[in-house]
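What follows is one structure encoded as structure tokens, with my remarks underneath.
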Amino acid sequence: QVQLVESGGGLVQPGGSLRLSCTASASLFNFYAMGWYRQVPGEQRELVASITKTGSTNYVDFVKGRFTISSDNAKNTVYLQMNSLKPEDAAVYYCNELSRAVVGGTNPDYWGPGTQVTVSS
């Protein structure tokens, strides 16, 4: 069972930036596509950005132009650069392989601890 550990969250003012990291215990080449998800209390976890092993990226509309997903296969790490942060971006951010996220659903065994992002002045 692959382990995923997210880091890089914190408190930032509106308009600020953060870079999140997700390090996997296995090679990213094992996975077709990795994604960053976010969850706010009382709501479902949602996918905000994804990247395939060939480097193709996809974003939900509300982060396009502000967030950038990338990966470093040598470090088994996926990044999410978040710029122009808004208060509504505040959430716990998780990473996962896309199909694994579907299989795992809400089962915490399929998810890392996440990293909290707070956007407030």
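Every number in this text was worked out from the coordinates using simple rules, so none of it is lab data. Predicted model, so just to flag it, every value in this text is computed and none were measured. Cβ sites come from the backbone with ideal geometry, for glycine too, and all protein chains shown count toward neighbours.
Miscellaneous remarks
- Computed [θ] at 222 nm, deg cm²/dmol, the chain (DSSP H ≥ 4; -39,500 (n - 2.57); rounded to nearest 500): -1500 deg cm²/dmol
- Positive minus negative residues near VAL103 (Lys, Arg vs Asp, Glu; Cβ under 12 Å): -1
- Using the Cβ of ALA33 as centre and a radius below 11 Å, the other residues enclosed give a net charge of +1, where K and R count +1 and D and E count -1.
- Relative contact order (percent, whole number), the chain, Cα cutoff 8 Å, 6+ residue spacing: 36 percent
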